[in-house]
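Below is one structure; the comments refer to it alone.
The values are calculated or read from the model by the stated rules, or taken from the named source; none is laboratory data. In this text the structure is predicted, and so the values were computed from the model without any measurement. Counting neighbours? That spans all protein chains shown, and the Cβs are built from the backbone with ideal geometry, glycine included. Just the protein is used for accessible areas: all its heavy atoms, side chains included, with ligands, DNA and RNA removed. Shrake-Rupley method; radii C 1.70, N 1.55, O 1.52, S 1.80 Å.
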Amino acid sequence: MNDQSTTYEPNVAELQPGMKPDARTTMAADQAAESTTAPTSTTSPTPHRTVAIIPARGGSKGIPLKNLQKVAGVSLLARAINAAQASPSIDRVIVSTDHDGIAAEAVRAGAEVAHRPAEIAGDTATSESALIHTLSTLDEDFDITVFMQCTSPFIDSASIENAVRTVRDDDADVVFSAVEDHSFLWRLDDDTQAVAVGHEASFRPRRQDRAKHFNETGAFYVMRTSGLIEHEHRFFGRIGIEEVPPEHAREIDDMSDLTLVRAIASTQETAQVIDVDALVTDFDGVHTDDGAYVDEDGNEQVRVHRGDGMGVSRLVKSGVPMMILSKERNPVVTRRAEKLGVDVAQGIDNKASILDAWITANDLDPARVAYVGNDINDLEAFDVVGWPIAVADAHPRVLAAARVILDRPGGRGAVREVCDLIPIPAEAAATIHGPTLTPVSAAFTPGAVHSTGATTQSPAHAEAHAAAAPADASTTAAGATSLRHATGHPSTFSERQPSIEQQPLLTNHAASPRANRKQVS
């Protein structure tokens, strides 16, 4: 008992009508008791904290380094990270891995990394062991743990949010993603005879007459952290289902699965904005329709699109670095680059190395560089950049690997289309400076053949071609490897953070009835 306790003396104003003094005294005593035994708190409850953990081993057997494979130009790991970051209830996103390349991709995509020890990184290690290990390394406690898997490329952040809220509101201890399944399941007994599972073989009810069954998608599991640690398993206590549409239930186990989801993404995920700091394009099949006119002397002419020039001019004047990167060794490539005012590298067999050197020389973030291609020799360049883009009539393998597929084919306005999709910052549009890009030639290895600012044509030859071609057409002939620095100025956008903001297919169905919707990237 407190030695300094005092006696409560109510005043007349506290008396309610008809209240007797003894009742007043009793009320005062009750109030005094409440004030000493149950003081009112002025602080708000501690908010629930949620962590998303994405296990990603480097030792995948079916598809080597499967977690780094790209779908629509974005790695499977980055897609999972993006989905987690888009969920408002998730406070931290952590990737558990044993592989340096996966760790680097995780950091680039904005996640934290928990380095997994070898004893829980083998083929027999459970996902739960990675989750519990990661939780043990954190400097704070989390009420809810979200376990996500990279092998599901179309994870819906709205579905994750629904599941987290269900656990947070104490309506379940575990919620996992599942899709309605109407299959009739069978197994083989010891005598290899088919045995019905979950139904009577002699009774075939209509789909609408059957009880709902669900199939785990494997995309995510939301768990109360204390239960996960206690049971060391993802299923415990009250288990709920977050039903997802079939479009989100795709899972990648082998190359056929990867090919299928790439095809789905290429047709279902479209970009309204290509948020990049630089643009690189192939020439034949992008600036041209991949055809040529050949006269009796073997001279070639190609057709380009007038609208491309206006689109490129808009970017160049705003300071966006651009380059044409071509395998062919034709003066027309240099002439076209001169007219457009962009860098050019031609006669290139290894596009990836030249592209990487140009990105480094201009202090660019590869994740914020776009490359437009049309044929299989562009695939190596696709792996360098964060925004691989295909023209509408590109090779099927290029279409499958692209993050964005343009509506226009090569030589028919594809370059103009991609230029128009790249936003120009307001400050760059307001003040247009003269170009001063860092020459890519400075980054090349000694001994490489590259010229600066000149073509291999004689003046008379060039004049003849200029007269023969339309205003926006160029004439090709055999030429030497050329690399010139024609324009540009230091990127005014270099301080931007790496960003790949592609969202999964058909997201944001939490606030409304589920329906098929196309999500733009």
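Some values worked out for this structure:
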item	result
Single condition residue 208 does not satisfy, out of (1) in a loop (DSSP other than H, G, I, E, B); (2) at negative phi; (3) polar (S, T, N, Q); (4) open to solvent by 90 Å² or more (accessible area, probe 1.4 Å)	(1)
Matching residues in segment 286-303 - criterion: being assigned to a loop (DSSP other than H, G, I, E, B) and crowded, with 22+ Cβ neighbours inside 10 Å	286, 287, 288
Of all residues making up segment 365-393, the number that are open to solvent by 20 Å² or more (accessible area, probe 1.4 Å) and outside any helix (DSSP H, G or I)	6
Sole exception among (1) closer than 30 Å to residue 391 by Cα; (2) touching a residue at least 24 places away in the same chain (Cβ under 8 Å); (3) loosely packed, with under 15 Cβ neighbours inside 10 Å for residue 216, by number	(1)
Residue within segment 106-117 that is open to solvent by 40 Å² or more (accessible area, probe 1.4 Å), in a helix (DSSP H, G or I) and aliphatic (A, V, I, L, M) present	yes
Scan of segment 394-425 for residues that are in contact (Cβ under 8 Å) with a residue 60 or more places away in the chain, more than 23 Å from the chain's Cα centre (by Cα) and surrounded by fewer than 24 Cβ atoms within 10 Å (Cβ to Cβ), ordered by number	409, 411, 412, 413, 416
Matching entry among 235, 283 (being touching a residue at least 40 places away in the same chain (Cβ under 8 Å), in a loop (DSSP other than H, G, I, E, B) and closer than 30 Å to residue 167 by Cα)	235
Which numbered condition residue 118 fails, given (1) in contact (Cβ under 8 Å) with a residue 40 or more places away in the chain; (2) more than 26 Å from residue 49 (Cα to Cα)	(1)
Test: residue in segment 182-203 that is in contact with a helix residue (DSSP H, G or I) (Cβ under 8 Å, 6 or more places away or on another chain) and either of a type in the set (Lys, Arg) or free of Cβ contacts under 8 Å to residues at least 60 places away in the same chain (or both)	yes
Those residues of segment 238-262 which are among the small types (Gly, Ala, Ser) and surrounded by fewer than 14 Cβ atoms within 10 Å (Cβ to Cβ), in sequence order	256
Qualifying positions in segment 153-181 - open to solvent by 20 Å² or more (accessible area, probe 1.4 Å) and either part of a helix (DSSP H, G or I) or acidic (Asp, Glu) (or both)	162, 165, 166, 168, 169, 170, 171, 173, 180, 181
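Yes/no per residue for (1) at pLDDT 95 or above; (2) farther than 14 Å from residue 80 by Cβ; (3) part of a strand (DSSP E or B); (4) touching a His at 6+ places or on another chain (Cβ under 6 Å):
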residue: 94; (1), (2), (3), (4): yes, no, yes, no
residue: 124; (1), (2), (3), (4): no, yes, no, no
residue: 131; (1), (2), (3), (4): yes, yes, no, no
residue: 134; (1), (2), (3), (4): yes, yes, no, no
